[in-house]
There are 2 protein chains.
Amino acid sequence: MTGAKAPVYLALLHHPVLDKNGKLVTTAVTNIDIHDIARSARTFGVEKFFVVTPIEALRALAQRILEHWRTGFGSTYNETRKEALSRVLLAPDLDGAIVDIENESGQRPRLVVTSARKAAGAVSYADFREALAESPVPHLILLGTGWGLAPEVMERADIRLGPIDGAGDYNHLSVRAAAAIILDRLFGAR
Amino acid sequence: MTGAKAPVYLALLHHPVLDKNGKLVTTAVTNIDIHDIARSARTFGVEKFFVVTPIEALRALAQRILEHWRTGFGSTYNETRKEALSRVLLAPDLDGAIVDIENESGQRPRLVVTSARKAAGAVSYADFREALAESPVPHLILLGTGWGLAPEVMERADIRLGPIDGAGDYNHLSVRAAAAIILDRLFGAR
């Protein structure tokens with residue numbers, strides 16, 4: 001469990017996301033993203049982590065990798081990995097993940113986005129951390145691969161978190177590092 | 001620049017580290033570790049990031065990859081990656097990194113370790129963040145690959161940071177995620 005009152009979910013979107021030129025693309029599913037973010041999600045008490053891709057062959061490949069760690073050789077070789085990956089689900093699109101959460105929790109989740117770019121109306125991590133501790137509604141935090149979530153996803157957000165500011169104007173974290181920091185800011189022990 | 005008064009350095013050690021059975025080993029250098037941690041280090045203003053391995057062939061391989069991004073095709077394909085990787089240095093062992101820092105800064109760095117295990121005398125991130133803002137001495141934060149830094153490194157530490165506590169007793173972050181969280185806790189904008 002996180003420090004939140006209601007369950008918190010996480011989704012890594014491989015579509016619709018932007019490439020470095022701002023073009024709408026579908027990125028490939030990366031094994032290390034699944035492992036790293038699943039371990040961070042498990043550490044900070046996220047209920048389920050959705051890997052979202054419209055490409056059926058990539059969902060099938062991810063499923064095979066998950067099974068290796070959940071029930072295959074990996075499950076006895078590394079039990080902590082098995083525990084982290086047991087909470088990973090695959091979904092064809094954002095709405096598929098939302099429906100799964102509705103079926104599981106009985107409630108429609110509020111959508112939370114983050115962006116490396118500054119935006120009007122962004123909520124601070126400290127304020128959202130407090131709000132989560134009181135909210136009875138589940139939340140789904142969305143992470144984008146490539147150069148970030150497409151505008152059509154950003155526009156659906158109920159909550160927009162600010163960028164992760166470092167020490168200067170350079171802000172090019174990997175999605176694995178950004179996920180870890182976001183979860184620590186919201187749920188890490190203080 | 002970080003929020004620290006003196007420069008802060010980071011080192012990822014591939015030896016001496018422990019394997020899952022607590023045995024002393026040398027791990028392989030992983031390309032994604034270099035990229036992810038270099039990007040996090042650059043974002044949070046770390047002066048230099050040392051990739052430490054005693055294996056000369058792996059240092060040579062890492063050097064070739066760095067050159068691809070610094071001066072080769074990658075330098076024009078992705079300028080932000082070039083910027084992050086320009087601060088990566090290779091060292092054969094911890095003492096090599098310390099000597100490089102002494103040569104650069106004119107001072108011997110204080111060694112900082114982190115551990116996933118709880119330890120007596122551990123300093124909190126909040127306290128160390130404040131201490132760094134006042135300290136005139138450079139610091140070198142050490143990260144271990146595999147199952148963590150060997151006791152012989154832990155014993156040399158001047159400062160020991162506590163584990164990154166999540167929401168429960170599961171604490172198996174990747175070194176990439178741990179590095180991101182440590183730097184955010186010490187230098188992220190608040």
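Determine the total buried accessible area between chain B and chain A, counting protein heavy atoms only with a 1.4 Å probe; round to the nearest 100 Å².
When B and A are taken together, about 3000 Å² of accessible area is lost.
Whole number in Å², please: accessible area per residue of chain A, 1.4 Å probe, ligands, DNA and RNA not counted.
44
Amide H of A:Arg110: which non-local residues (sequence gap of 5 or more, or other chain) have their own amide H closer than 5 Å, using H built in the peptide plane?
Residues meeting the amide H criterion: A:His139, A:Leu140.
What spacing in nm lies between the two simple spin-label points modelled at A:Glu155 and B:Ile55, each 7 Å away from Cα in the Cβ direction?
5.0
Kindly provide the trypsin sites (Lys or Arg not before Pro) of the stretch B:22-65 that DSSP labels as loop, not H, G, I, E or B, and whose Cβ sees at most 13 other Cβ atoms within 10 Å.
B:Lys23
Could you pull out every one of the aspartates and glutamates with an alpha carbon less than 14 Å from that of A:Lys23, ignoring same-chain neighbours closer than 8 positions?
Counting by Cα, and skipping residues close in sequence, A:Lys23 has these aspartates and glutamates nearby: A:Glu152.
In percent, what relative contact order does chain A have, based on Cα pairs under 8 Å that are 6 or more apart in sequence?
The normalised contact order for chain A reaches 32 percent.
Report the net charge of residues surrounding A:Gly74, where surrounding means a beta-carbon distance below 12 angstrom and charges are Lys +1, Arg +1, Asp -1, Glu -1.
+1
Checking the table B:Lys48/B:Lys82; B:Lys20/B:Lys48; A:Lys5/A:Lys82; A:Lys48/B:Lys20 against a 20 Å threshold on Cα-Cα, which pairs fail?
Violating the 20 Å limit, Cα to Cα: B:Lys20/B:Lys48; A:Lys5/A:Lys82; A:Lys48/B:Lys20.
Hey, any idea what % of the protein assembly as shown's accessible area is carbon plus sulfur with a 1.4 Å probe?
On the protein assembly as shown, the fraction of accessible area on carbon and sulfur atoms equals 51 percent.
Would you mind classifying chain A by shape? Square roots of the alpha carbon gyration tensor eigenvalues, ordered a ≥ b ≥ c; an a/c under 1.5 is rounded, otherwise it is prolate if a/b is larger than b/c and oblate if not.
It comes out rounded by the Cα gyration axes.
Within the set of other residues whose C-beta is less than 12 Å from the C-beta of A:Pro92, count the net charge using Lys and Arg as +1 and Asp and Glu as -1.
Neighbour charge sum, excluding A:Pro92 itself: -3.
Need one value: the accessible area of A:Val153 in square angstrom, 1.4 angstrom probe, rounded to the nearest 10.
Roughly 10 Å² of A:Val153 is accessible to a 1.4 Å probe.
Compute the length gained on full extension between A:Arg87 and A:Asp127: take 0.36 nm times their separation in residues and subtract their Cα-Cα distance, giving the result in nm to one decimal.
11.7 nm
If you bin every alpha carbon distance in the protein assembly as shown into 20 Å steps from zero, what whole percent lands in each bin?
Pairs per bin, as whole percents: 28, 60, 12, 0.
How far is B:Glu155 from itself in the other copies, in nm, if each label sits 7 Å out from Cα along the Cα-Cβ line, shortest first?
6.3
Let me check I've understood the local charge: for B:Leu10, count other residues with C-beta under 15 angstrom from its C-beta, Lys and Arg +1, Asp and Glu -1. What total comes out?
+1
The values are calculated or read from the model by the stated rules, or taken from the named source; none is laboratory data. What you are looking at is a predicted structure, and each value in this text was computed from that prediction instead of being measured. When we count neighbours, we look across all protein chains shown, and the Cβ atoms used for this are built from the backbone with ideal geometry, even at glycine. We work out accessible area using only protein heavy atoms, side chains counted, and drop any ligands, DNA or RNA first. Shrake-Rupley method; radii C 1.70, N 1.55, O 1.52, S 1.80 Å.
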